[in-house]
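Accompanying notes for the structure given below.
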Amino acid sequence: QTYATAIVDRFIRTIKEKLERYQKLNESKAIMVIKEIVEGYNNAFHRMIGKAPNEMTKEDVEKLALEKRKHNNEVMAKFFDDVQGKKVGVLSKKNVFDKGDKFKLGKETKVVDMEGYNFKLANGRTEPPKQIQILK
């Protein structure tokens, strides 16, 4: 899951919670106040960005994006150091009728390099970190 996806998922969960809370406390339909709920969300302080979204300037957004990119690069570099040269398997989704968990582990290979936010493997494939599992 990317950082942007995590932010969007959190936003959706927050809006759902606010709608459910409103629905419990009021007899009218929550959909009638969705605009007010979103306005409240955008005017509320957000710990992650240090202010309300409506207070963000273009410079704030650029600074935040740069900080998050730097953080992601540091995390990826550390993860790469942890997996480089180690035996790994690539996770892939199983077919609907396959037994067991939702994912299966592919043949053993090794991480040989990093390309952006993906790993180059000895078998010639390039995979995102979430598809890599370190083998013992």
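The values are calculated or read from the model by the stated rules, or taken from the named source; none is laboratory data. Everything numeric in this text was worked out from a predicted model, so none of it was measured. Glycine also receives a Cβ, built like all others from the backbone with ideal geometry; neighbour counts cover every protein chain displayed.
Structure above, values below:
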item	result
Residue count for the range 3-25, restricted to those that are over 16 Å from ASN42 (Cβ atoms), basic (Lys, Arg) and surrounded by 12 or more Cβ atoms within 10 Å (Cβ to Cβ)	1
Residue match in the range 60-81 (condition: assigned to a strand (DSSP E or B) and either touching a His at 6+ places or on another chain (Cβ under 7 Å) or on the phi < 0 side of the Ramachandran plot (or both))	no
Count - residues of the range 92-115 that are in a loop (DSSP other than H, G, I, E, B) and within 18 Å of ASP82 (Cβ to Cβ)	1
Among the candidates ILE34, ILE49, residue that is more than 28 Å from ILE132 (Cβ to Cβ), at pLDDT below 90 and over 18 Å from the mean Cα position of the chain (by Cα)	ILE34
